[in-house]
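The values are calculated or read from the model by the stated rules, or taken from the named source; none is laboratory data. The shown structure was predicted, so the numbers you read here are calculated from the model rather than taken from an experiment. Reconstructed Cβ throughout: ideal geometry from the backbone, glycine too, with neighbour counts over all protein chains shown.
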Amino acid sequence: MEDAATLGEFARKLRVYFRTASMGISFLIYGAIFGGYWLLIFSIGSLYNSPWIFIGGTLGVIPLVFLCALLVAKTVPGIRRERLPYEGARWIVSFIIPIAAAIIIGSLYSIPSLWYGTLGASFLLVHFLIERPLVLNGLIKAKPFLLASILMLLSFPALLSLPPYLDSMAALGLCLLFYSLAGVYALVRAAKLFSE
């Protein structure tokens, strides 16, 4: 009977490990793909100096989100996790509210790095609406969305002092650093499951 309990505990830890590790891998995949994508868009945009490049670049994010989701799904095959009630709606709300606020603010003020603060705010909402309930229910062991959001929101005011467009490049660099940090943090927390 003791072996069954030990095996059950191992299986539970393994599920939590895979969920937590997949979050870490998600940050690394999304960060690399979106970082590279926006570096390319910024480079082309600065070469041709046309707002249409940035508009097209923004629209190009839509298929990238699906590509990243597919890649993340493939990184941890066969692992299914329990869903939170209305989880899809929680994801949508986490991004729609800050984006709507950014559109309003962006229509009043020219802040090229506003996207960075918006992403930080979205990650904070993801933490409260999705990540935190998963942690409280023992389904994951890390809070990479909280870590990334805090770092992004704390660094956002410093970006506002930079010249326009240089702030966006600096924001992209910070974004890549913080995505990587959050991803590695989640992987480290996942690995610690078996040493606790």
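What to note about this one:
Matching residues to (1) of a type outside the set (Gly, Ala, Ser); (2) at pLDDT 85 or above; (3) assigned to a helix (DSSP H, G or I):
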residue: Ser22; (1), (2), (3): no, yes, yes
residue: Tyr37; (1), (2), (3): yes, yes, yes
residue: Phe42; (1), (2), (3): yes, no, yes
residue: Trp52; (1), (2), (3): yes, no, yes
residue: Leu67; (1), (2), (3): yes, no, yes
residue: Ala100; (1), (2), (3): no, yes, yes
residue: Ile103; (1), (2), (3): yes, no, yes
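- Residue within segment 19-38 that is surrounded by 11 or more Cβ atoms within 10 Å (Cβ to Cβ), free of Cβ contacts under 8 Å to residues at least 24 places away in the same chain and either more than 28 Å from Ser149 (Cβ to Cβ) or in contact with a strand residue (DSSP E or B) (Cβ under 7 Å, 6 or more places away or on another chain) (or both) present: no
- Every residue from segment 94-111 that is closer than 15 Å to Phe128 by Cβ and buried (at least 16 other Cβ atoms within 10 Å of the Cβ): Ser94, Phe95, Pro98
- Filtering segment 178-189 to residues that are surrounded by fewer than 16 Cβ atoms within 10 Å (Cβ to Cβ) and in contact with a Leu (Cβ under 9 Å, 6 or more places away or on another chain) leaves only Val184.
- If the condition is being surrounded by fewer than 19 Cβ atoms within 10 Å (Cβ to Cβ) and more than 30 Å from Val188 (Cα to Cα), then segment 140-168 contributes Leu160, Ser161, Leu162, Pro163, Pro164, Tyr165, Leu166.
- Just one of the numbered conditions (1) assigned to a helix (DSSP H, G or I); (2) modelled with pLDDT under 85; (3) among the charged types (D, E, K, R) is not true of Glu82: (1).
- Checking each residue in segment 137-169 for being within 16 Å of Ile111 (Cα to Cα), in contact with a Leu (Cβ under 6 Å, 6 or more places away or on another chain) and either in contact (Cβ under 8 Å) with a residue 40 or more places away in the chain or in a loop (DSSP other than H, G, I, E, B) (or both) picks out only Asp167.
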